[in-house]
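In what follows, a structure is listed as structure tokens, so that the remarks can point back to it.
Read the figures in this text as sums done on the coordinates, not as results from a lab. Bear in mind that the values here come from a model prediction, so they are computed numbers and not experimental data. Heads up, the Cβs are rebuilt from the backbone with ideal geometry, glycines too, and the neighbour counts pull from every protein chain shown.
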Amino acid sequence: EPLRLHVRDLKKHYPIRTGVFSRVTNHVRAVDGISFDLRAGETLAIVGESGCGKSTAGQTILRLLRPTSGLIELSGEDISDCGERTLRPLRQKMQMIFQDPYASLNPRKTIGAAVAEPLTTHRIASGSELTDRVEQLFEKVGLRPEQMSGYPHQFSGGQRQRVAIARAIAVQPSLVICDEPVSALDISIQAQIINLMMDIQADIDLSLLFISHDLAVVELIADRIAVMYLGVFAEVGTKEEIFRNPQHPYTKALLSAVPLPDPKLRSREKIVLAGDVPSPSNPPSGCRFHTRCPLAKDKCRNIVPPLRTGKTGHAVACHLVEGF
Ligand code: SF4
Ligand code: MG
């Protein structure tokens, strides 16, 4: 499959003031050097605890934020440093779905108008063709065309997320970044929305970057998984590699905390994490995970473990892991 997204050593740092009268003296290193490729039709999940930088990564890749450094290529085109004028036509190719669709829907506009909006903005359809398109999109996401005249507040969270999905795919994007798209929904509805996204993806050869803290959800949809900790990737692998053969102590800790339906996927090793994620403005030296890692050695405090890639593409950043 062709390469959709090529990200190399991407960084996003924010300046922060340390006191009311101080000049900028520190930076939050929200994303601190991540690299990955995403192919057409593929789903990469970025998982990690809240505050690990995964949302910032998603927004930077979509160029809602300007990267501090690094490379972002969308279908071979370098978008890491271009201005708004170059980005505008590209915006159609990359869409975002957020956790709370209510926040991105205008409460005074019908959901039919909400789905029609991107089609008119990008001059894709007008007149009766527009109505037809909106109707098709409603059907595609499992809404009834009669519901078009309803307002957002009249619908459930799951239905509103269907509207958000219809809006995102209306412009036939090649890349959709979903940031915790089902975290606000009931468990029973989560699976419905995930299934819908997978159906649509298969249909239009969409590449998905799926950001989530929830490994049980990621297990349903991901082809590959990147485990993120304090702005960097701790481990990257196929879903099978991450669930059946996790190598990084952080991945093992995350896995041992999730009740997974398939017992074969449950990690045997129990690792319980102490404490919270440290501040990304002052990440720990050496391995960023050393303050919480039950296996940490002296070396871990001083030397940054490189993300080393094995034969299959499975990559791990830990001094103690070799020959995986
Ligand atoms: Fe733990 Fe050291 Fe491996 Fe980091 S490098 S995960 S601190 S063992
Ligand atoms: Mg977030």
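The table that follows gives values for the structure above.
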read-out	value
Among the residues listed as Thr18, Thr25, Thr43, the single one being over 19 Å from Val304 (Cα atoms), crowded, with 20+ Cβ neighbours inside 10 Å and among the β-branched types (Val, Ile, Thr)	Thr43
Residue match in segment 102-109 (condition: within 16 Å of ligand 2 (Cβ to nearest atom), free of Cβ contacts under 8 Å to residues at least 60 places away in the same chain and either in a helix (DSSP H, G or I) or more than 23 Å from Pro280 (Cβ to Cβ) (or both))	yes
Residue in segment 83-92 that is within 16 Å of ligand 2 (Cβ to nearest atom) and of a type outside the set (Ser, Thr, Tyr) present	no
Single unsatisfied condition, Ala226 versus (1) within 16 Å of ligand 1 (Cβ to nearest atom); (2) farther than 18 Å from Val7 by Cβ	(2)
Failed item, numbered, when Glu180 is tested on (1) more than 29 Å from Gly158 (Cα to Cα); (2) within 16 Å of ligand 2 (Cβ to nearest atom); (3) touching a His at 6+ places or on another chain (Cβ under 9 Å)	(1)
Top-ranked residue in segment 40-63 [being touching a Lys or Arg at 6+ places or on another chain (Cβ under 7 Å) and assigned to a strand (DSSP E or B); ranked as nearest to ligand 2 (Cβ to nearest atom)]	Ile46
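To keep it simple, each residue is scored yes or no on (1) buried (at least 19 other Cβ atoms within 10 Å of the Cβ); (2) within 19 Å of Leu64 (Cα to Cα); (3) within 27 Å of the chain's Cα centre (by Cα).
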| site | (1), (2), (3) |
| --- | --- |
| Gln95 | yes, yes, yes |
| His122 | no, yes, yes |
| Val134 | yes, no, yes |
| Met198 | no, no, yes |
